[in-house]
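K.L.:
This structure is in structure tokens; I'll ask about it shortly.
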Amino acid sequence: MKSGKKWVQIAVLALVVLAGGVTIGNALFNRDQIPRAGDRAPQFKVVDLDGAGHSLGDWAGKPLVLNFWGTFCPPCTEEMPALQHQSAKWAERGVGVVGMNLGENAVTVRSFVQQYGVEFPIYMDMDDAVRKAYGVNQYPTTFFIKPGGRIYKIIIGKMDEATIESTVESMLASQ
């Protein structure tokens, strides 16, 4: 009996070590890279609240602030007024602001947009593909994308107006 239990213990230990090795190997050698500042922004195709199709290519040659958010996320909803104000401020300079909603239904999102007076485009990431392509795991997360399609900066967490403004200014100055 004792030697039988020992073999079971060794087998379980071997499986645990193997699973750990696979996990560490995937983390170190995973080919699905999370985009970083300086990388090309991943392409996407989504729809807006009216069902019209959009892609990253719609913003080619223009600076873009791409904000991943959800109505379920208090910091996301708290930063919306700042994003709206900055969107209006930078529109004349050709800077786009887009809210990439994280898979909520259109009725919920539309209600939120109306309640908060959001006028910049809201795209719907219904299948989570864009969130995954951008490696977003915390909300809100905002990508500042230069006109050439490269990521200038990534900010994880709630932004205030001063942060948005200074980041857009420095992005525009870096061109």
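K.L.:
Would you mind stating whether residue 60 is without any contact (Cβ under 8 Å) to a residue 60 or more places away in the chain and open to solvent by 40 Å² or more (accessible area, probe 1.4 Å)?
P.N.:
Criteria not met by residue 60.
K.L.:
Applying the selection to the range 149-162, what residues are within 16 Å of residue 36 (Cβ to Cβ) and over 10 Å from the mean Cα position of the chain (by Cα)?
P.N.:
Listed by number, the residues that qualify are 149, 150, 151, 152, 153.
K.L.:
Would you pick out the residues in the range 37-50 that are open to solvent by 50 Å² or more (accessible area, probe 1.4 Å) and in a loop (DSSP other than H, G, I, E, B)?
P.N.:
37, 39, 43, 50
K.L.:
Does the range 38-91 hold any residues that are closer than 12 Å to residue 121 by Cβ and acidic (Asp, Glu), and which are they?
P.N.:
If the condition is that a residue be closer than 12 Å to residue 121 by Cβ and acidic (Asp, Glu), then 48, 50, 58 are the ones that fit.
K.L.:
Only residues that are hydrophobic (A, V, I, L, M, F, W, C), within 20 Å of residue 110 (Cβ to Cβ) and either touching a helix residue (DSSP H, G or I) at 6+ places or on another chain (Cβ under 8 Å) or in a helix (DSSP H, G or I) (or both): list them for the range 65-76, please.
P.N.:
Correct list: 68, 69, 76.
K.L.:
A follow-up question, please. Among the residues of the range 148-168, is any closer than 20 Å to residue 54 by Cβ, buried (at least 16 other Cβ atoms within 10 Å of the Cβ) and modelled with pLDDT of 95 or more?
P.N.:
Yes; the residues of the range 148-168 include at least one that is closer than 20 Å to residue 54 by Cβ, buried (at least 16 other Cβ atoms within 10 Å of the Cβ) and modelled with pLDDT of 95 or more.
K.L.:
Within the range 76-90, can you find the residues that are among the hydrophobic types (A, V, I, L, M, F, W, C) and within 15 Å of residue 167 (Cα to Cα)?
P.N.:
Those that are among the hydrophobic types (A, V, I, L, M, F, W, C) and within 15 Å of residue 167 (Cα to Cα): 82, 83, 90.
K.L.:
Could you please give the count of residues in the range 30-57 that are within 18 Å of residue 118 (Cβ to Cβ) and touching a residue at least 60 places away in the same chain (Cβ under 8 Å)?
P.N.:
Of the residues in the range 30-57, 5 are within 18 Å of residue 118 (Cβ to Cβ) and touching a residue at least 60 places away in the same chain (Cβ under 8 Å).
K.L.:
Counting only residues that are loosely packed, with under 10 Cβ neighbours inside 10 Å and either at pLDDT 65 or above or among the aromatic types (Phe, Trp, Tyr) (or both), which one in the range 23-35 is nearest to the chain's Cα centre (by Cα)?
P.N.:
Per the stated criteria, the residue is 33.
The values are calculated or read from the model by the stated rules, or taken from the named source; none is laboratory data. Predicted model only: the values in this text are computed from it and were never measured. In this analysis, Cβ positions are derived from the backbone assuming ideal geometry, glycine residues included, and neighbour counts consider all displayed protein chains. Protein only, heavy atoms only, side chains kept; ligands, DNA and RNA dropped before computing areas. Shrake-Rupley method; radii C 1.70, N 1.55, O 1.52, S 1.80 Å.
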